[in-house]
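*Asks:* Would you mind keeping the following structure in view while I ask a few things?
The values are calculated or read from the model by the stated rules, or taken from the named source; none is laboratory data. Since we're looking at a predicted model, the values are computed, not measured. Here the Cβ positions follow ideal geometry from the backbone for every residue, glycine too, while neighbour counts run over all protein chains shown. For the accessible areas, the whole protein counts, side chains as well, though only heavy atoms, and no ligand, DNA or RNA atoms are used. Shrake-Rupley method; radii C 1.70, N 1.55, O 1.52, S 1.80 Å.
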Protein chains: 2
Amino acid sequence: MTYCVAMRLNRGLVFAADTRTNAGVDNVARYRKIHFWCVPGDRAIILLAAGNLSLTQSVISLLNEQSIDADPDATTMLTVPSMYRAARFVGDAVREVRSLDGPAVEAAKTNFAGSFILGGQIKSEPPRLFQIYAEGNFIEVTDDTPYFQIGEHKYGKPILARVAQPTMRLGEAVRLILLSFDSTLRSNLSVGLPIDVLIYERDSLDLRREARIEQDDEYFKNLSASWSEALREAFAKIEEFDV
Amino acid sequence: MTYCVAMRLNRGLVFAADTRTNAGVDNVARYRKIHFWCVPGDRAIILLAAGNLSLTQSVISLLNEQSIDADPDATTMLTVPSMYRAARFVGDAVREVRSLDGPAVEAAKTNFAGSFILGGQIKSEPPRLFQIYAEGNFIEVTDDTPYFQIGEHKYGKPILARVAQPTMRLGEAVRLILLSFDSTLRSNLSVGLPIDVLIYERDSLDLRREARIEQDDEYFKNLSASWSEALREAFAKIEEFDV
């Protein structure tokens, strides 16, 4: 399993992904699930991936290969003219990998699905955020629900659903996303630290900050402890049910 | 889908279940999922059911039929000598129904699974709580994790995991369970109000209180609003991530 979240705010975009991959509970490894293509001053495109690792890695490899030594007129992640086109382009790569490997993998009754969150900004277009399905089609975020989650999304949903607002500051949004991760990490062993965080500030056309939250990260430890404490205090304030 | 929770506390047992049943989003109905057998002064046995409605209803019907006009020496829910035996007895009923209807239903590729939470007290035995699987086997609650959830359990898990303690008062436990329901109701349309709540006080050998929380229930509306407010306040107190 995997857990990835991204939010679109008025001030930019924030992304986070865990790093645990497993093929059974006795085969656990660490893999990066955040990928990006950045040409400062021109574009910053970020892609989060969940699902079958051989599918998601192939998609990333394909996208990277296309942009190396490409004909300057060819469409690649470094030349695609809009985020909508970038989403189509990633969707095409997903379809290509599934058509190549899908029949053999699915014949062995192994799930060969994956899902992706794509966000970023290209030139003067506003930042945009998409969720791309295993079939290559996609949806775009709106202000009503300004976030996307892929992978193990249920445990971390209630706090996002109550608190997420497009007007949040970037640091507030990261705090919220990390609380959502904390709830997920406590309940699903297949989601694991470290967590990769990536922050994009609107119109910067460059990455603002990339951070890896490790097991011993002071901020995350404090956040987790303070949140437990705050929840218990909040709980104690609510009227008891009359038995 | 369904959501049911039960907790075993030092002071007794609390149970809650939603009442929504659906066969597709265009076929939604209301069904009671809490059932009980109570002989004041002798036993109070409560059963919560989730899963295929034809399976769970047949199990309840079978258990009820067995206890009507039964030979006084026959084992029924009204005569079974311990909660462990009651769990075995329910497990046998589940196996019987699955063996009768399972092959035909599963041949139509329809899921014929169900799960159950069984709790109560018989005579001087302490109150016990079991989760019974579709295969008829079962597990018992312990103080480390003093609750069971069946059905749509993920959205409502984080708050239970952080707050549930066997030392809670019964009214505190109901408050906690209703918060867990509130998170679930917000995220999964197949879990719906009203919620049935049943409270058993240790050594009473009778039901303490049965309540149905309807859409316009003042306590539940206040709980939901106060909790949203308390969460937002708690969130605001936590240090922002440094971007």
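*Asks:* So in the range B:165-190, with the set limited to residues that are surrounded by 17 or more Cβ atoms within 10 Å (Cβ to Cβ) and β-branched (Val, Ile, Thr), which one is nearest to the other protein chains (Cβ to nearest Cβ)?
*Replies:* Looking at the filtered set, the residue picked out is B:VAL174.
*Asks:* Looking at (1) in contact with a strand residue (DSSP E or B) (Cβ under 9 Å, 6 or more places away or on another chain); (2) without any contact (Cβ under 8 Å) to a residue 60 or more places away in the chain, can you tell me which one B:GLU96 breaks?
*Replies:* Failing condition for B:GLU96: (1).
*Asks:* Given the condition within 12 Å of another protein chain (Cβ to nearest Cβ) and within 14 Å of the chain's Cα centre (by Cα), answer yes or no: does some residue in the range A:107-126 qualify?
*Replies:* Among the residues of the range A:107-126, not one is within 12 Å of another protein chain (Cβ to nearest Cβ) and within 14 Å of the chain's Cα centre (by Cα), which makes the answer no.
*Asks:* Follow-up. At least 1 residues that are of a type in the set (S, T, N, Q), touching a residue at least 12 places away in the same chain (Cβ under 8 Å) and within 20 Å of A:CYS4 (Cβ to Cβ) in each: list the strands (runs of 3 or more DSSP E) lying fully within the range A:16-79 that qualify.
*Replies:* A:20-22
*Asks:* Of (1) more than 9 Å from chain A (Cβ to nearest Cβ); (2) more than 19 Å from B:THR56 (Cβ to Cβ); (3) in contact with a helix residue (DSSP H, G or I) (Cβ under 9 Å, 6 or more places away or on another chain); (4) among the charged types (D, E, K, R), B:ARG162 satisfies all except one. Which?
*Replies:* (1)
*Asks:* Every residue in the range B:66-94 that is over 20 Å from the mean Cα position of the chain (by Cα) and open to solvent by 80 Å² or more (accessible area, probe 1.4 Å), please.
*Replies:* Those that are over 20 Å from the mean Cα position of the chain (by Cα) and open to solvent by 80 Å² or more (accessible area, probe 1.4 Å): B:ILE68, B:ASP69, B:ASP71, B:PRO72, B:ASP73, B:PRO81.
*Asks:* Tell me, please, whether a residue that is among the hydrophobic types (A, V, I, L, M, F, W, C), modelled with pLDDT of 95 or more and closer than 16 Å to A:ASP242 by Cβ can be found in the range B:151-168.
*Replies:* yes
*Asks:* Let me ask something else. For the range B:201-219, enumerate the residues that are part of a strand (DSSP E or B) and touching a Leu at 6+ places or on another chain (Cβ under 9 Å).
*Replies:* Within the range B:201-219, B:GLU201, B:LEU207, B:ARG208, B:ARG209, B:GLU210, B:ALA211, B:ILE213 qualify.
*Asks:* Checking the conditions here, which among B:GLU229, B:GLU214, B:GLU201 is closer than 18 Å to B:LEU47 by Cα, more than 7 Å from chain A (Cβ to nearest Cβ) and of a type in the set (D, E, K, R)?
*Replies:* Going through B:GLU229, B:GLU214, B:GLU201 in turn, the sole match is B:GLU201.
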